[in-house]
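The values are calculated or read from the model by the stated rules, or taken from the named source; none is laboratory data. Small disclaimer: the values here were computed from a predicted structure and weren't measured. Don't worry about glycine lacking a Cβ; one is built from the backbone with ideal geometry, like all the others, and counts go over all protein chains shown.
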Amino acid sequence: MTVGQPVERVDGRAKVTGDARYAADRTLPGMLYSYLVMGTIARGRVTSVDTAAARAVPGVVEVFTHENAPRLTSDQHFMPLQGTQIHYNGQIVAITVATTPEQAQEAAELVRVTYAPETPKAVIADALTEVYLPANQEVIVGDPTAGLAAAEVTVTQNYSSPPHHHNPIEPHATVAQWDGDHLTVHETSQGVVNAQRTFASAFAIPQTNVRVLAPYLGGGFGGKSPVWPHSLLNAAIARQLGRPAKMVLTRAQMYSIVSHRAEFRQQVTLGAKRDGTLTALVHLSTQQLSRTSENMYSHSISSRMLYACPNIHTRQQGVRLDVPTSRFMRSPQMASHFGLETALDELSYQLGIDPVELRRRNYTDVNPTTGERFSSRFLLDCYKLGADAFGWSRRNPKPGSTRDGHEFVGWGMATEAHDHNANPSSAMVRMAADGTVLSQTATQDIGTGTYTVFTQVVADALGVPLNQVKVELGDTNFPPAALSAGSGTIASVTGAVNAAALAVRTAVVQLAVSNPASPLHGLPAEQIITQHGYLFSPDRSRRESYRAVMARHGAPVQNTSSMTNARGYSTGAVFVEVRVDPRYGRVRVTRGVGAYDAGRVMNHKTAGSQVIGGFTWGIGNALMEHTVLDRRTARVVNPNLSTYLLAVNADVPDIQAIFVNKPDPVSTALGARGFGETPITGVPAAIGNAIFHATGRRIRDLPFTQDKLL
Amino acid sequence: MKNFTYAAPRNVADAVRLAGQPDARFIAGGTDLLNLMKDGAQSHGAIIDINGLALGDIVQRNGVIRIGALARMSDVAAHPAVRRSLPVVSEALLNSASPQIRNMAAVGGNVLQRTRCGYFRDSGTTCNKKAPGSGCPALEGENRGHAVLGGSDHCIAVHPSDLAVALLAVDAVVLTDRRRIPFADFHVVPGTTPDQETVLGHGELITGFEIPVTPLAARSRYLKLRDRATFEFAVVAVAAALNMRGNTVRDVRLTFGGVATKPWRSPEAEDALRGKPLTTTTITEAGRALVRGAVTRDHNAFKVDLVQRALDGLLRDLGGVR
C-alpha cells in the first residue's frame, strides 16, 4: 500500500527543472499579446479615451476601448469595456494588442483616459447606514433570545478584519486560439470543466467546441476558480483579430480584477452556564459587497456546525461599496471563525475554564443546525493529541505569567474547522499493452499533490509500482471532474480514479484466469492477488506479470468510472506559542502544533505540507497580511508582494502536524475527506489568544501589527 | 515599458560620458531600477551598465575603510574589516532585503534606491516625486508607513535604505567621479522639490564610500523594527554609535530610518547625551529631543512612540544600562 505513505511528489522534478508547462509558458505561432489598461477612479464614467499615441507604438495591432471592444456578456461577473460606467478602481478601461508584450505594455502606458468621477465609498465605515440583509443570509436555530436569558455568563465582542488578496505565486494568464468556431484556451484555472462551460456560454458555441487546459498551477486559493472577464475578452480579441492571443496579468493588476476576501466586521455573543455549556450563540456579521453583486463568501459556518448549542443565530449582512466583487479566498470561513474562536477564549477567561476544556464541554457529534449526526468526527482526539504534544497541561492560565528575558511568552489555542466540497467526478484508467498505466481526469493539481495522490491510488488499486503509473490532469479532453476549490479535489475525484483502476484490474485478472496460456488459468478471479506489478495465485506459488498478460492480450484495457461523494467537515485543534517584546510590540510565533481529523490521510507528506502551508498563511493573516485601500479613491495602495506582506521563512517556526487518520465511513474517496482549508482557520485566533495570554492585551482587529501592542 | 539603449562601458570616464545623455541611468544590481521600469514608475532612454567597472573592492588603509560602489551588499556585510570596525554597517545590511537581493544589489545603488511609498510606485496615482506639482495623496491618505520627520507639504515618503542610516552614523563620505560629499550632505529633504533626493548631478557616478575607523564606529549597532521578521523595510530603525569614558558619553551618533524623508541624524538627541551619563533619564531626554519637531498624520503617530522605544532599547543594550 502506498496510500498514506509520505510519497514524494511525482511532479516535483518537472517543476524544479522547468519541464512543467504553465499557461503563461504557452507560445503559439503568430501569437499576439494583450495588455490591460486599468482605470484610476472607483466610481463615475469614462468620458473619453485617447488611443492615438498608443496606436503609434510600433507593433501595436489594435487598441480596444468601450467603444470598439467585442460585445460580451457574463452571467457571473460585471463585464468591463461594454460601457462607460466605472464600478471600482482598477477596472479594465482599455486593452492594447501588439506583436510583443513590451510593445503592448508601452502602448498601454500611453492610453489617456478621462473620467467624470464621483465620490466613492471604499470601506464599511463609509456606509454604515447602508448595511442590509440580503436574501437567505439569516439562520436561527432554537430560541437565541431565551438562550441568552438563560445564560449565567455572557460575552459580546466586536471583531474586524481587512480585505485580503489571493496572491498565488503564479500570475493569472490566458492564451486563446481559435480554429473556426473551436476554441482552445490555456488558462490558469482551478476548474477546466467550469471554464469550458463559461467560454462556451460567452461565445454561444457548444461546450464540446471548447478545450481548456491547466496541467499545472502555481496556487490559486480560490482566485482562479471562475473565468474572469479579462480571459473572455482575450479570447474575443483572438477571434476578432484571427490570431492566437496571450494575456499575462501583472501582480498589481491582480489586485482589482480577480477578486479578494471582503472586508469583514462581526459581533459574537456567547451565552453560557457557569460550567461552560453554551446556551446561545449569536453571530452578526457585515461584509463588503460590490455595486454589481450581492454575493457573499465569508460564511458563518463554524457558528452553525461546530459546537453543541441549542440556540444559534447567524446573520450575514452586507454593504455595497465602490470596490470589486469579493469571492472565495483560501478558507473563506476563516474570517468568521476568527471571531468565534476569540470569543470562546474570552469566555474561557470569564468562566475560569481552560480553553481546551471549554471546547470539550461543548463538543457535539451532531450538526447543531440540522440535528444530523456527523458520519465521523474525532475532534476530541484532536484536542487530546494536540494538547499532549504541545505540553498544554503545563500552562499557567494567568496572562503575563511567563517571561523570558525581554519577552513575554504566551500559549493559545483554537479549534480549526472548514467544510469541503464534493462534486460528481469521473476518471479514466488505461493499461497499455506494455503494462504501463495512464489515468486521466479533468480535475487539477493546484499545487497540493493531486498528481501524487492519484498515482498512489491507481498503483494500489492495480497492485503496480508507482513508476508504472502516469497521471494526467487539467484538460477538458479528459473525463469531466471537480473544480479544485473548497478543499474538494481529493474528496471528489479519488473515488472515480479508484473505481476505474479497480475495473481495469478486474478486466486484466479475467484475461489471465480465462486464458490457458496463463499460469493463473482456471483460478477464481476473486482470489487473485495483485502486487508489485504481478498477479499471484492465492498461495503465491504461481504468478504472471501485468506486462505478460497485456502483451498476450495485445491491446489496452481501459475503464472510465464516475463517482459521487458527500460533502464533509474536517476539524482539528491548533496550539501556538508566541513571544511578545513589550518594548516594541513585537510578536514572534515560536511554536506550533496542529492535530487534525481529515478522515484517511492519503499522503502524510503532502497532507503535512498542507498543515505547514495553512499555518504559514495563518501567521501572515494574524500578524501582517492586509490590503490597504485609500479611503478617498478606493484604490489599492499596496498592490505588490513588497508591501502586501505575507509570512516569510523567518516568521514561521517548526510546525508539528498530527493526524487522527481514521477513515470517514461515508467517504467514497477511500475514507478521505477534504482538508486543505482546515489548517488555516484557527491560527489567527490561536495567535491572538496566545498574545492575550502573554500580555493581557486582547486585540480584536486583524492584523496584530506592533502599533496595536505598544 | 519603453525601449531603451544599453551600453556597458569598461571605465569610469566612459560611463560618466555616456550617462551625460538626457534620460540616461546607471544600472548595477538592478534590484530597484528594473522594478521601477517594469512598473512604469520610471522610464529611461539609455541604460548604462556599470558592472564592468573596477569599483567592487573593500580595503582598509590608513585608518579608513574604502568600499567600492559596486561591492555587493552581501560582501560588505561579511567583510572582516567592516564587521570589526563598522558593526552597524554590517548589521544594517544583514537586516536589509533577502539573501538573494543582497547578493545582487550594489551598495552605491542601495543609497539611491527610491521610496516604497505606494503612491510613488503606482503609475495610476499622482505623486510630487514623480511629477512635481501633481499632488501628494499620502498627506491625507494611507500614511502608516510615512515620515514624521523631514516631511513637507509636498512629500512625506520615507527613505528606504538601511545602509544609508548606518553610513550616516559612522561619518561616511560619498566618493563620486568628481568630488567627495560628506554623507550628511548627500541626501536632501523634499521641501518643494521632492523629485530631488540627493545632491548628485546628472550623470555623476558614485564610485565608493570612505569611512574612518574610530572607536565610536567600532561600538555601534543597528535595530530595525518591521511588520515581519525579514525581507521588509523598516517601520522604525535606529543606528547608534557610542564612545564612553567611564559612565560618561564621550561621543555619540544617533541616526534613524523608517521615520524620516532622508536618512536622519538627530544632533539634538546626541546633544542630550554627549558629556552626560547614560541613564534612563538622559536616554528618555534624547528620545524627546529626537521627536520634538515630529509632524504626524492620520496613521503614523505611533512611530513617534515606537522610535523612542527603539532608541531606548538600543542605547540600553549598547551602553549596558539596565
What's the number of the only condition in (1) in a loop (DSSP other than H, G, I, E, B); (2) loosely packed, with under 15 Cβ neighbours inside 10 Å; (3) small (Gly, Ala, Ser) that residue A:518 fails to meet? (2)
Based on this model, can you work out whether residue A:240 counts as outside the structural domain of residue A:676 (by TED's automatic domain parsing) and part of a loop (DSSP other than H, G, I, E, B)? no
Is there any pair linking a residue in the stretch A:247-275 that is within 14 Å of chain B (Cβ to nearest Cβ) and farther than 18 Å from residue A:322 by Cβ to one that is among the hydrophobic types (A, V, I, L, M, F, W, C) and assigned to a loop (DSSP other than H, G, I, E, B), with Cβ under 8 Å and at least six apart or on different chains, and which? A:249/A:257; A:249/A:258; A:251/A:641
Just a yes or no: is a residue in the stretch A:692-704 within 11 Å of chain B (Cβ to nearest Cβ) and of a type outside the set (S, T, N, Q)? yes
So, residue B:64, is that one under 28 Å from residue B:169 (Cβ atoms) and either surrounded by fewer than 19 Cβ atoms within 10 Å (Cβ to Cβ) or among the hydroxyl-bearing types (Ser, Thr, Tyr) (or both) or not? yes
Go through B:208, B:201 for me and flag whichever is at pLDDT 95 or above, out of contact with any strand residue (DSSP E or B) (no Cβ under 8 Å at 6 or more places or on another chain) and either closer than 27 Å to residue B:47 by Cβ or assigned to a loop (DSSP other than H, G, I, E, B) (or both). B:201
Among residues belonging to the stretch A:151-162 that are surrounded by fewer than 23 Cβ atoms within 10 Å (Cβ to Cβ) and not polar (S, T, N, Q), point out the one that is nearest to residue A:262 (Cα to Cα). A:162
With respect to residue A:314, is the statement that it is surrounded by 20 or more Cβ atoms within 10 Å (Cβ to Cβ) and touching a Lys or Arg at 6+ places or on another chain (Cβ under 9 Å) true? yes
Looking only at residues in the stretch B:212-230 that are of a type outside the set (D, E, K, R) and more than 30 Å from residue A:616 (Cβ to Cβ), which one is nearest to the other protein chains (Cβ to nearest Cβ)? B:220
Can you confirm whether the stretch B:117-134 contains a residue that is buried (at least 23 other Cβ atoms within 10 Å of the Cβ) and more than 13 Å from chain A (Cβ to nearest Cβ)? yes
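A quick yes/no check of all residues on (1) crowded, with 18+ Cβ neighbours inside 10 Å; (2) away from chain A (no Cβ under 14 Å); (3) out of contact with any helix residue (DSSP H, G or I) (no Cβ under 8 Å at 6 or more places or on another chain):
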{"residue": "B:183", "(1), (2), (3)": "yes, yes, no"}
{"residue": "B:189", "(1), (2), (3)": "yes, yes, yes"}
{"residue": "B:196", "(1), (2), (3)": "no, yes, yes"}
{"residue": "B:206", "(1), (2), (3)": "yes, yes, no"}
{"residue": "B:210", "(1), (2), (3)": "no, yes, yes"}
{"residue": "B:232", "(1), (2), (3)": "yes, no, yes"}
{"residue": "B:247", "(1), (2), (3)": "no, yes, yes"}
{"residue": "B:257", "(1), (2), (3)": "yes, yes, no"}
{"residue": "B:263", "(1), (2), (3)": "yes, yes, no"}
Within the stretch A:193-244, how many residues turn out to be among the hydroxyl-bearing types (Ser, Thr, Tyr), out of contact with any Ser or Thr (no Cβ under 7 Å at 6 or more places or on another chain) and buried (at least 19 other Cβ atoms within 10 Å of the Cβ)? 3
Scanning for something touching a Phe, Trp or Tyr at 6+ places or on another chain (Cβ under 8 Å) and away from chain A (no Cβ under 12 Å), does the stretch B:137-145 turn up at least one residue? no
Tell me which strands (runs of 3 or more DSSP E) are completely within the stretch A:81-155 and hold 3 or more residues being under 27 Å from residue A:249 (Cα atoms) and in contact with a His (Cβ under 9 Å, 6 or more places away or on another chain), or say none if there are none. A:92-98
Which condition from (1) under 25 Å from residue A:14 (Cα atoms); (2) in a helix (DSSP H, G or I) is the one that residue A:548 breaks? (1)
Of the residues that sit in the stretch A:630-648 and are within 8 Å of another protein chain (Cβ to nearest Cβ) and over 22 Å from residue B:35 (Cα atoms), which one is surrounded by the fewest Cβ atoms within 10 Å (Cβ to Cβ)? A:632
Which ones in the stretch A:438-481 are among the aromatic types (Phe, Trp, Tyr) and either in a loop (DSSP other than H, G, I, E, B) or not assigned by TED's automatic domain parsing to the domain that holds residue A:503 (or both)? A:478
Residue B:315 versus (1) under 17 Å from residue B:244 (Cβ atoms); (2) more than 13 Å from chain A (Cβ to nearest Cβ); (3) among the hydrophobic types (A, V, I, L, M, F, W, C): which is the lone unmet condition? (2)
Go through (1) under 18 Å from residue B:206 (Cβ atoms); (2) part of a helix (DSSP H, G or I); (3) touching a helix residue (DSSP H, G or I) at 6+ places or on another chain (Cβ under 9 Å) one by one and return the number of the condition residue B:35 breaks. (1)
Can you give me the number of residues within the stretch B:292-315 that are outside any loop (DSSP other than H, G, I, E, B) and not polar (S, T, N, Q)? 13
Among the numbered conditions (1) surrounded by fewer than 18 Cβ atoms within 10 Å (Cβ to Cβ); (2) under 27 Å from residue B:76 (Cβ atoms); (3) in contact with a strand residue (DSSP E or B) (Cβ under 8 Å, 6 or more places away or on another chain), tell me where residue B:46 comes up short. (2)
Only unsatisfied item for residue A:333, checking (1) in contact with a His (Cβ under 7 Å, 6 or more places away or on another chain); (2) surrounded by fewer than 23 Cβ atoms within 10 Å (Cβ to Cβ); (3) not small (Gly, Ala, Ser), is (2)
All-but-one check, residue A:183 against (1) in the same structural domain as residue A:30 (by TED's automatic domain parsing); (2) surrounded by fewer than 18 Cβ atoms within 10 Å (Cβ to Cβ), failing number (2)
Tell me the residue from B:285, B:268 that is in contact (Cβ under 8 Å) with a residue 12 or more places away in the chain, closer than 19 Å to residue B:171 by Cα and more than 14 Å from every other protein chain (Cβ to nearest Cβ), please. B:268
Please tell me if residue B:230 is under 18 Å from residue A:624 (Cα atoms) and among the hydroxyl-bearing types (Ser, Thr, Tyr). yes
Looking at the stretch A:663-678, is at least one residue part of a loop (DSSP other than H, G, I, E, B), among the β-branched types (Val, Ile, Thr), away from chain B (no Cβ under 14 Å) and over 22 Å from the mean Cα position of the chain (by Cα)? yes
How many residues are in contact with a Ser or Thr (Cβ under 7 Å, 6 or more places away or on another chain) and away from chain B (no Cβ under 11 Å) when one looks only at the stretch A:97-111? 2
